[in-house]
Amino acid sequence: MTEKTVHNAVMVEETMLVLDVKSGGHYLDGTLGGGTHTEELLKRSKPDGHVISLDVDRSALARATERFATYGDRWKGVEANFRHLASVAEQENLALLDGILLDVGLSSDELENSSLGISFQKDGPLDMRLGPKSNDDGLTAAEVINSWTQQDLETVIRTFGEERYARRIAAQIVKARKSARIIRTLELVSVIRSVVPHTYEGGRIHFATRTFQALRIVVNDELQALKDAIRGAQTVLKPGGHLAILTFHSLEDRIVKLAFTGTEAWEPITKKPMMASEEETKENPRSRTAKLRAAIKK
């Protein structure tokens, strides 16, 4: 039996509301994760609705295959990056779709998996790929850290991590790797700790958060993948179909906001993003930074 998920999905009721899930509809969950959103889609589209779920994390797919066995051919899981959702939907004969959901935050299962190397709290290899199909070039965080120039490292950390100490951190990484390759997560944490103030961000966030975020975004090409997914959704959603996207930091939210308001292809459902309720943020602190935007394909 596969291990159970430890992930708590965010804003489940709100996402179902903006997706306007209907009986017999065809839906795609581009980010399976713990499977909660997928299960809600299956429940609310019964008795004959179909759901296809994508993920690059094979353990997530294994858990879901066991969990959703009773739904028979109403559900299918596919190992694929959500940037390829259009081609997957077409291959599975699920175009045109009634709704698509993307929860582009990290799952708790991924953070708990030290072998992925995305957590600065656990020791693991500096990989950061969320799965074998996370990127198309096999790039790892160790390769970025040990071979990219100081200028490129600074640019990445500043741009994708919005880290004010990007220059210091990049310089220290280059200095440290001259002695030995930096190949473990806690080795990188130690390098960062040595150059940022002890009062970093007033203790609001861990001092390695922004650097690790930047590296993960680059390794998994997350921002471009999100743009590709939104374009793909436009091709496989039926007119009047709904696209809902949950984001967890400003870089992602800007992309979604611009996509929904910068073209004539979408009609935003709400002008401002929906946020988690006070009750949910108390129960699930991860939901505090969540923003939900949704739009209807014209």
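Every number here is computed from the coordinates shown, using simple stated rules; none is lab data. Computed from a predicted model, the values in this text were never measured in an experiment. As a convention, Cβ positions derive from the backbone with ideal geometry for all residues, glycine included, and neighbour counts pool all protein chains shown.
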*asked:* Given a 10 angstrom Cα cut-off, can you work out which residue in 99, 33, 49 is the most mobile in a GNM of the chain?
replied: 49
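Compute the projected area of the convex hull of the Cα atoms of the stretch 152-290, averaged over all viewing directions, and report it in nm² to one decimal place. Could you put the intermediate results ahead of the total?
Details: hull surface 43.5 nm².
Computed as one quarter of the Cα hull surface, the answer is 10.9 nm².
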*How big is the stretch 136-219 by Rg and Dmax over its Cα atoms, in Å?*
11.9, 39
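Just subtract the alpha-carbon distance of residue 133 and residue 48 from 0.36 nm times their residue separation and send over the number in nm, one decimal.
Working: separation 85, 0.36 × 85 = 30.60 nm, distance 3.06 nm.
Between residue 133 and residue 48, full extension yields 27.5 nm more.
In the structure shown, do any of 257/282; 46/76; 22/282; 238/298; 227/291; 43/271 have a Cα-Cα gap over 20 Å, and if so which?
Values: 257/282 27 Å; 46/76 15 Å; 22/282 30 Å; 238/298 9 Å; 227/291 17 Å; 43/271 29 Å.
Exceeds cut-off: 257/282; 22/282; 43/271.
Please report the relative contact order for the chain, taking Cα pairs under 8 Å with a sequence separation of at least 6, and give it as a percent rounded to a whole number.
On the way: 543 pairs, mean separation 58.1, N = 298.
Result for the chain is 20 percent.
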*Roughly how tilted is helix 250-261, in degrees to the nearest 10 and between 0 and 90, from the longest Cα axis of the chain?*
40
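Take peptides 209-216, 63-70 and line them up by average Cβ neighbours within 10 Å, highest first, as a rough protection proxy. Write down the numbers at each step before the final one.
On the way: 209-216: 23.5, 63-70: 15.9.
Taking the mean over residues of other Cβ atoms within 10 Å, the ranking is 209-216, 63-70.
Give, in nm to one decimal, the length gained when the segment between residue 282 and residue 150 is fully stretched (0.36 nm per residue of separation minus the Cα-Cα distance).
Values: separation 132, 0.36 × 132 = 47.52 nm, distance 4.05 nm.
Answer, rounded to one decimal: 43.5 nm.
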_Label-point gap, in nm, between residue 22 and residue 231 - each point 7 angstrom along Cα→Cβ_ = 3.0
_Between the stretch 256-298 and the stretch 187-225, the Cα center-to-center distance that results, in Å_ = 25
*asked:* Just to be sure I understand the model, the point goes 7 Å from the Cα along the line to the Cβ. What's the resulting residue 289 to residue 79 distance in nm?
replied: 2.9
*Between residue 87 and residue 143, how many nm apart are label points set 7 Å from Cα along the C-beta direction?*
1.9
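Just check the chain against the gyration tensor rule for me: Cα atoms, a ≥ b ≥ c as the square roots of the eigenvalues, rounded for a/c under 1.5, and otherwise prolate or oblate depending on whether a/b exceeds b/c. Intermediate results must be reported in sequence, preceding the final value.
Numbers: a/c = 1.93, a/b = 1.72, b/c = 1.12.
Prolate, since a/c reaches 1.5 and a/b exceeds b/c.
Could you give the length gained on full extension between residue 175 and residue 69, defined as 0.36 nm per residue of separation minus the Cα-Cα distance, in nm?
Values: separation 106, 0.36 × 106 = 38.16 nm, distance 5.21 nm.
Going from the current span to full extension adds 32.9 nm.
Computed FRET efficiency, Cβ-Cβ of residue 164 and residue 12, R0 22 Å: what is it to the nearest 0.05?
Numbers: r = 35 Å, r/R0 = 1.59.
My answer for the efficiency is 0.05.
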